[in-house]
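Participant: Quick one: the structure is below, and I'll ask about it shortly.
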Amino acid sequence: MKKSNKPRHIPLYDIKLSKQTLKSVNDTLKSGWLSPGAKVAAFEQAICRLMQTRYGTAVASATAGLEMVLVALGAQPGKEVVTTPFTFVGTVEAILSAGATPVFADINPHTLNIDPDEVYRKITRHTIAVMPVDIAGYPANYRMLKKICDAKQIPLIADGAHSIGALYRGKPIPKYTNAAVISFHATKNLICGEGGIVLSKHKAVIDTVKIMSRHGLTSNAFQRKKAARWDYDAVYPGYKANMSELHAAIGLGQLAVFEKEQSLRRKLAGRYLKNLADLQPYLELPTEEKHCRHGWHLFIVKLHLSKLRIQRDTFINRLAEHGIECGVHYKPIFYLTYYEQILGETGQYLPNTIYAGRRVVTLPLYPSVRLSDVDYICECVAKVVKKYGR
Ligand SMILES: Cc1ncc(COP(=O)(O)O)c(C=O)c1O
């Protein structure tokens, strides 16, 4: 590990937009057209190519995209969606907003992704979908999940908010699912500021979500302008959840540097793995099995709490004293006040989720972090675990 003495401030996230993005946004601002048009269409096509998926519709957020997919699948009171409680609130919010009930399956303690055996146990005659999340950009066990869903004839819908850049058995995640929803929120590997895309090999799913996302209307203003026809109809329940032209302009600009940024993320993650390898008595590092490619959205370590005299939050505070900002992905959903109130005691039988929720720490990982920053972070992590190690 290289030595460096200078204290610094390293935030958990720091966004640097590409020069292509600044130009793309500027061109759009001058174009005289800001509602969904040519840029949104170009962005959809580019993401479909990148994710090797036939159909896609860009939306205002992944949360809205997930909700609309579930509504299109027939979500309503009494229907259930089996998902992970170890996720961002948006996953569960989408299920509830669609009118269905989230049913939690426990996670694999190492990958932090939903455990297929648990999913199998949680499916009932009311289940309308299984919804895994590829935590941190690491693919869920799609081979098993798909087997279960195919056998039970239940759609597999990926909350792929973190999944861009990830591969499972050489292919992007949508290949294994009925639909996958990616997020382009401001902290993600590919950003639009806000936004998402629903991807599917099924044209009917995408056509339905596209219409829903623009108030349930058969056409948008751009199409009516192009066709010189004013007429429209509302054919589905509506949402105001389309992507705007400006957000697509940001996404197109960021796409120009996406592959370069992904290889930077891989390099930084590799440096973390190398530097932290000797500290494995105190913490568990992320894995990358042979058949998976990590998307490296987040770098999450899991503390071995029995080997430390401090809890996770003190560990985070000690790193903050060295100018290093860490995060927690995630606090289990059933510990959030609102969800605790409405979901009751769902959490008590999910030991892997509960334990993960106490010991995960996210270290800074994004393209403008330098290798020397990673070295510094690892030196500080080593100092803390050695000082408080048992
Ligand atoms: C796992 C997960 N699901 C859903 C979302 C929601 O994404 P969006 O902000 O695009 O709605 C996020 C966003 O951080 C996420 O991390």
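Just so it is clear, none of the values below were taken in a lab; they were calculated from the coordinates. Keep in mind it's a predicted model, so treat the numbers as computed, not measured. For neighbour counting, all protein chains shown are included, and Cβ atoms are generated from backbone atoms with ideal geometry for every residue, glycine included.
Participant: Report every pair of residues separated by at least 6 positions or lying on different chains whose Cβ atoms are under 7 Å apart, first residue within segment 144-170 and over 22 Å from THR63 (Cβ atoms), second of a type in the set (Ser, Thr, Tyr) and surrounded by fewer than 24 Cβ atoms within 10 Å (Cβ to Cβ).
Facilitator: Listed pairs, sorted by first residue: LYS146/TYR176; ILE148/TYR120; TYR168/TYR176.
Participant: Here is a follow-up. Of the conditions (1) within 15 Å of PRO155 (Cβ to Cβ); (2) within 16 Å of the ligand (Cβ to nearest atom); (3) surrounded by fewer than 24 Cβ atoms within 10 Å (Cβ to Cβ), VAL89 satisfies every one except a single condition; which number is it?
Facilitator: (1)
Participant: Among LEU246, LEU264, LEU279, LEU255, which is crowded, with 16+ Cβ neighbours inside 10 Å, in contact (Cβ under 8 Å) with a residue 60 or more places away in the chain and over 30 Å from LEU50 (Cβ atoms)? It would help to see each step written out before you state the result.
Facilitator: Working: LEU246 fails: over 30 Å from LEU50 (Cβ atoms); LEU264 fails: over 30 Å from LEU50 (Cβ atoms); LEU255 fails: over 30 Å from LEU50 (Cβ atoms).
The match here is LEU279.
Participant: Here is a further query. Whether any residue in segment 330-351 is surrounded by 19 or more Cβ atoms within 10 Å (Cβ to Cβ) and under 24 Å from GLY165 (Cα atoms) is what I want to check.
Facilitator: Yes, the conditions are met somewhere in segment 330-351.
Participant: Hey, another quick one. In segment 123-175, what residues are among the small types (Gly, Ala, Ser) and more than 17 Å from LEU66 (Cα to Cα)? Full working, then the answer.
Facilitator: Taking segment 123-175 first, the residues among the small types (Gly, Ala, Ser) are 129, 136-137, 140, 151, 158, 160-161, 163, 165-166, 170.
The answer is ALA136, GLY137, ALA140, ALA151, GLY165, ALA166, GLY170.
Participant: Which condition number in (1) within 16 Å of the ligand (Cβ to nearest atom); (2) within 20 Å of PHE184 (Cα to Cα) is the one that PHE104 fails?
Facilitator: The number of the failed condition is (2).
Participant: Residues of segment 49-83 being away from the ligand (no atom under 16 Å from the Cβ) and either within 17 Å of the chain's Cα centre (by Cα) or closer than 23 Å to TYR120 by Cα (or both), which ones?
Facilitator: Of everything in segment 49-83, those that are away from the ligand (no atom under 16 Å from the Cβ) and either within 17 Å of the chain's Cα centre (by Cα) or closer than 23 Å to TYR120 by Cα (or both) turn out to be LEU50, LEU73, GLY74, ALA75, GLN76, PRO77, GLY78, LYS79, GLU80.
Participant: For segment 142-167, enumerate the residues that are away from the ligand (no atom under 14 Å from the Cβ) and out of contact with any helix residue (DSSP H, G or I) (no Cβ under 6 Å at 6 or more places or on another chain).
Facilitator: Correct list: ARG143, LYS147, CYS149, ASP150, ALA151, LYS152, GLN153, ILE154, PRO155, LEU167.
Participant: Would it be correct to say that GLN341 is under 26 Å from ILE95 (Cβ atoms) and polar (S, T, N, Q)? Please lay out each step first, then the result.
Facilitator: Numbers: under 26 Å from ILE95 (Cβ atoms): yes; polar (S, T, N, Q): yes.
Considered against the rule, which asks whether it is under 26 Å from ILE95 (Cβ atoms) and polar (S, T, N, Q), GLN341 comes out as yes.
Participant: May I ask you to list the residues in segment 29-42 that are in a helix (DSSP H, G or I) and closer than 18 Å to VAL59 by Cβ?
Facilitator: Of everything in segment 29-42, those that are in a helix (DSSP H, G or I) and closer than 18 Å to VAL59 by Cβ turn out to be ALA38, LYS39, VAL40, ALA41, ALA42.
Participant: Let me ask something else. For segment 285-304, give me each residue that is surrounded by fewer than 16 Cβ atoms within 10 Å (Cβ to Cβ) and either part of a helix (DSSP H, G or I) or touching a strand residue (DSSP E or B) at 6+ places or on another chain (Cβ under 8 Å) (or both).
Facilitator: HIS291
Participant: I would also like to ask the following. Right, THR101: of a type in the set (S, T, N, Q) and either more than 30 Å from GLU245 (Cβ to Cβ) or touching a Pro at 6+ places or on another chain (Cβ under 7 Å) (or both) or not?
Facilitator: On the way: of a type in the set (S, T, N, Q): yes; either more than 30 Å from GLU245 (Cβ to Cβ) or touching a Pro at 6+ places or on another chain (Cβ under 7 Å) (or both): yes.
The answer is yes for THR101.
Participant: Taking segment 114-131 only, how many residues are out of contact with any Asp or Glu (no Cβ under 7 Å at 6 or more places or on another chain) and under 18 Å from PRO332 (Cβ atoms)?
Facilitator: Selection size over segment 114-131: 3.
Participant: Still on this structure, I have one more. Which residue pairs have Cβ atoms under 6 Å apart, sit 6 or more places apart or on different chains, and have a first residue in segment 192-206 that is under 19 Å from LYS171 (Cβ atoms) and a second that is polar (S, T, N, Q) and in a loop (DSSP other than H, G, I, E, B)?
Facilitator: These pairs meet every condition: LEU199/THR53.
Participant: Can you name every residue in segment 321-376 that is part of a loop (DSSP other than H, G, I, E, B), away from the ligand (no atom under 16 Å from the Cβ) and free of Cβ contacts under 8 Å to residues at least 60 places away in the same chain?
Facilitator: GLY344, GLU345, ARG370
Participant: Considering only residues of segment 168-209 that are within 16 Å of the ligand (Cβ to nearest atom), within 16 Å of ARG54 (Cα to Cα) and of a type in the set (Gly, Ala, Ser), which is farthest from the chain's Cα centre (by Cα)? I'd like the intermediate steps shown before the answer.
Facilitator: First, the residues of segment 168-209 that are within 16 Å of the ligand (Cβ to nearest atom): 173-174, 177, 179-199, 209.
With within 16 Å of ARG54 (Cα to Cα) added as a condition, the list becomes 173-174, 177, 179-182, 197-199, 209.
Applying the additional criterion that residues be of a type in the set (Gly, Ala, Ser) yields 179-180.
Details: ALA179: 14, ALA180: 11 Å.
Checked segment 168-209; the qualifying residue farthest from the chain's Cα centre (by Cα) is ALA179.
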